[in-house]
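The values are calculated or read from the model by the stated rules, or taken from the named source; none is laboratory data. Note that the structure is a prediction, hence the values are computed from the model and not measured. Quick reminder, even Gly has a Cβ in these numbers, built from the backbone with ideal geometry, and neighbours come from all protein chains shown. SASA here: full protein model, heavy atoms, side chains in, ligands and nucleic acids out. Shrake-Rupley method; radii C 1.70, N 1.55, O 1.52, S 1.80 Å.
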Amino acid sequence: ERRVMMKKVRVGVLGIGRGYAMIHYSKPADNAQLVAVCDHYEKGLKELETSLNDPSISYYHSFDDFLNHPMDAVVLANYATEHAPFAIKAMKKGLHVFSEVLPVQTLKEAVELIEAVEETKRIYAYGENYCYMPAPREMKRLYEAGQLGQFEYGEAEYIHNCEPIWADITYGDKDHWRNRMYATFYCTHSIGPLIHITKLRPISVVGFEIPYSSRAARMGKLGATAGIEMITLENGAIIKSIHGDLAKNSIWFSIYGSKGRIESAREDSLANDVERIYLNLDPNEGQFTENVITYEPKEAHHEIAKDFGHGGSDFYTMYHFIEKVLGHDADIIDVYEALDMFLPGLYAYRSILNKNQPQTIPNLRLKEERDKVRHDITCTDPKVAKESLIPCYSQGNPKIPETTYQLLKEKYLAKK
């Protein structure tokens, strides 16, 4: 599709680490222009300024100064526990927001975020990039075309053994959010794609923890090794989600419908995992066939996207956000869907703390449901939770020797 004299969206990026993918997108894009970057890390900001070598880009240490820069949209790639306050501030300034994962840390923030979107009428897009990997995108296309029939059951895995990179991503800081997250907190990489494919709302969840491990102790993290959510959706279907730091990595999605199964390749199959899909579908419900088809789906932007991280999905999240800002049809994840992906993890941990009892997930589209949780600041972050602080591990926070963090800090600094 050709566009004549297409307007470019002026984009600012907060956070140069995770934000680099969005900076990388905005440089050659025909629909976006990078105009400002913000980060408190002075050395990194200077290095980025040198490497980009573009006098049209401004650099800021202060978020408030950054927000005053003339621009249309901001990308929030700061800490995963801090997105909501920044998103609300940006929308109230009249800016559209692309928020990295996760959307919020508490239910109070969830209510405030939804109401900021509704009041400001700004576009909010949640950057759950796993929804845009080749296999989940193809699953969504086939599901929407009716080829799977009714959704009955799905499984999702995001197993990422972060021990080899823990020093690089926590800097040896014992109070880093990653060290304080509970087992089911970082849940949208696994849950997200199945919610995005089916558009079904989660209504209840049971949570489980994989016990604390020697790996977690070496990493200096206080939460359990991994978390599991068993989620009931509004149509009665079930999703099983697992994510965390088990020994070997796995990104995998499998969906069962009334007409068969769709799944991605396993990582150990050496078949390009999330870039390969397997279909075993019946043409009509009740007409049983064994007809397995496998292929690697490729979309219109495949060649451009393949240079981006996370199976090309870092391209698609930004592309669709910018297209939405320009008023075109676009596949974004809005604020309600973002919370449908996140709340099962939050309530799964409440289930874990209550001996695995099922927990009802509120529908925050409804004001009466919001009002019940409007002041709930329960979380594992002492700065936010205050008297509502909960332990990072259901058995109580483990004691980590200071030497663990010192070793991680030394490892981090040795690479700088």
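Among the residues of the range 19-33, write down those that are under 19 Å from G309 (Cα atoms), open to solvent by less than 70 Å² (accessible area, probe 1.4 Å) and either without any contact (Cβ under 8 Å) to a residue 24 or more places away in the chain or part of a loop (DSSP other than H, G, I, E, B) (or both).
G19, A29, listed by residue number.
Out of all the residues in the range 167-185, which are crowded, with 24+ Cβ neighbours inside 10 Å, in contact with a helix residue (DSSP H, G or I) (Cβ under 8 Å, 6 or more places away or on another chain) and of a type outside the set (S, T, N, Q)?
Passing the criteria: Y182, A183, F185.
Please determine whether any residue of the range 245-253 is open to solvent by less than 40 Å² (accessible area, probe 1.4 Å), under 23 Å from Q147 (Cα atoms) and in contact with a strand residue (DSSP E or B) (Cβ under 9 Å, 6 or more places away or on another chain).
yes
Would you confirm, using the coordinates I've provided, whether A145 is crowded, with 24+ Cβ neighbours inside 10 Å, more than 16 Å from the chain's Cα centre (by Cα) and without any contact (Cβ under 8 Å) to a residue 40 or more places away in the chain?
The answer is no for A145.
Residues in the range 326-365 that are farther than 13 Å from H196 by Cβ and either among the β-branched types (V, I, T) or open to solvent by 60 Å² or more (accessible area, probe 1.4 Å) (or both): how many?
Qualifying residue count for the region: 14.
Just a yes or no: is a residue in the range 358-366 touching a Lys or Arg at 6+ places or on another chain (Cβ under 8 Å), touching a residue at least 24 places away in the same chain (Cβ under 8 Å) and among the hydroxyl-bearing types (S, T, Y)?
Scanning the range 358-366 turns up no residue that is touching a Lys or Arg at 6+ places or on another chain (Cβ under 8 Å), touching a residue at least 24 places away in the same chain (Cβ under 8 Å) and among the hydroxyl-bearing types (S, T, Y).
Of the residues E299, E303, E275, E285, which single one is free of Cβ contacts under 8 Å to residues at least 60 places away in the same chain, open to solvent by 20 Å² or more (accessible area, probe 1.4 Å) and among the charged types (D, E, K, R)?
Result of the check over E299, E303, E275, E285: E303.
Scanning the range 2-18 for residues that are in a loop (DSSP other than H, G, I, E, B) and of a type in the set (K, R), which turns out farthest from P85 (Cα to Cα)?
R2
Regarding P70, is this residue touching a residue at least 40 places away in the same chain (Cβ under 8 Å), surrounded by 23 or more Cβ atoms within 10 Å (Cβ to Cβ), not aliphatic (A, V, I, L, M) and not in a helix (DSSP H, G or I)?
No, not satisfied.
Do you know which of the residues in the range 102-142 that are farther than 13 Å from G192 by Cα, assigned to a loop (DSSP other than H, G, I, E, B) and hydrophobic (A, V, I, L, M, F, W, C) is most open to solvent (accessible area, probe 1.4 Å)?
Filtering the range 102-142 for residues that are farther than 13 Å from G192 by Cα, assigned to a loop (DSSP other than H, G, I, E, B) and hydrophobic (A, V, I, L, M, F, W, C), the one most open to solvent (accessible area, probe 1.4 Å) comes out as I123.
Within the range 73-98, take every residue that is of a type in the set (D, E, K, R) and in a loop (DSSP other than H, G, I, E, B) and give me the one that is surrounded by the most Cβ atoms within 10 Å (Cβ to Cβ).
Among residues in the range 73-98 that are of a type in the set (D, E, K, R) and in a loop (DSSP other than H, G, I, E, B), the one surrounded by the most Cβ atoms within 10 Å (Cβ to Cβ) is E82.
Out of the residues in the range 367-387 that are basic (K, R), without any contact (Cβ under 8 Å) to a residue 60 or more places away in the chain and more than 17 Å from L102 (Cβ to Cβ), which is surrounded by the fewest Cβ atoms within 10 Å (Cβ to Cβ)?
It comes out as K386.
Do we have A237 as buried (at least 23 other Cβ atoms within 10 Å of the Cβ) and among the small types (G, A, S) here?
When the stated conditions are applied, A237 does not pass them.
Between residues in the range 329-353 that are more than 19 Å from I238 (Cβ to Cβ) and residues that are surrounded by fewer than 24 Cβ atoms within 10 Å (Cβ to Cβ) and hydroxyl-bearing (S, T, Y), which pairs lie under 7 Å by C-beta distance while being six or more apart or on different chains?
L353/S394
For residues that are open to solvent by less than 80 Å² (accessible area, probe 1.4 Å) and assigned to a helix (DSSP H, G or I), tally how many sit in the range 35-48.
Going through the range 35-48 one residue at a time, the tally reaches 3.
Going through the range 388-416 one residue at a time, which ones are surrounded by fewer than 11 Cβ atoms within 10 Å (Cβ to Cβ) and farther than 20 Å from F185 by Cα?
Selection gives K399, P401, E402, T403, A414, K415, K416.
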